[in-house]
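Single-structure report; data block below.
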Amino acid sequence: METSHKNNSVFSAMLTGICIAQLFVVGIGLLLLLVFCAIACQMKDPDSVILPLSLCALYISSLAGGFAAVRISGDGILSGLISGGLTMLLVRLLSLLPLPPSQMTPLQAGIFFALIPAASVCGSVIGKKRKSAKPRHRVRRR
């Protein structure tokens, strides 16, 4: 009975960390989109950089979400993977809004959606707390 209760508390802590990490994804994504829109507005042809800048904002915010998920939950790569999957689901839901069609083919869109969890896993690997390294040299005593 003890291990079941302990596993539930670990899972709920991980889920809480992942949900909080989604707030980081949305916040950082919106901030990056504002910055990138300001950059694009200064260009002569902003239409040519909209897709690359928006994908850059998506992947950087997904990376930050994986980083936040592993730091908040304390778990490893699994929290980053679940966070990336949830981010991918949220972005997919946003893409169902009735907006003008994008210039991407379905294959390109599928690849770009698949890269969201990969970016989040990279963020979780970067954010994983590591044990401090032991000193390599011994202190000589006289």
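The values are calculated or read from the model by the stated rules, or taken from the named source; none is laboratory data. Remember, it's a predicted structure, so these values are computed and weren't measured experimentally. Here the Cβ positions follow ideal geometry from the backbone for every residue, glycine too, while neighbour counts run over all protein chains shown. Accessible surface areas use protein heavy atoms only, side chains included; no ligands, DNA or RNA. Shrake-Rupley method; radii C 1.70, N 1.55, O 1.52, S 1.80 Å.
Values as computed for the structure displayed
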| quantity | calculated |
| --- | --- |
| Any chance Ala21 is farther than 22 Å from Ile126 by Cβ and not β-branched (Val, Ile, Thr) | no |
| Residue in segment 5-12 that is touching a helix residue (DSSP H, G or I) at 6+ places or on another chain (Cβ under 7 Å), open to solvent by 60 Å² or more (accessible area, probe 1.4 Å) and not polar (S, T, N, Q) present | no |
| Neighbours by Cβ (under 7 Å, 6+ apart or cross-chain): first from segment 101-129, open to solvent by 80 Å² or more (accessible area, probe 1.4 Å); second at pLDDT below 90 and assigned to a loop (DSSP other than H, G, I, E, B) | Lys128/Gly76 |
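So that you can scan it fast, the table gives a plain yes or no per residue for (1) free of Cβ contacts under 8 Å to residues at least 12 places away in the same chain; (2) surrounded by 15 or more Cβ atoms within 10 Å (Cβ to Cβ); (3) within 12 Å of the chain's Cα centre (by Cα):
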site: Ser48; (1), (2), (3): yes, no, no
site: Ala57; (1), (2), (3): no, yes, yes
site: Ile60; (1), (2), (3): no, yes, yes
site: Gly66; (1), (2), (3): no, yes, yes
site: Ala69; (1), (2), (3): no, yes, yes
site: Gly74; (1), (2), (3): no, no, no
site: Gly80; (1), (2), (3): no, yes, yes
site: Leu89; (1), (2), (3): yes, no, no
site: Leu94; (1), (2), (3): yes, no, no
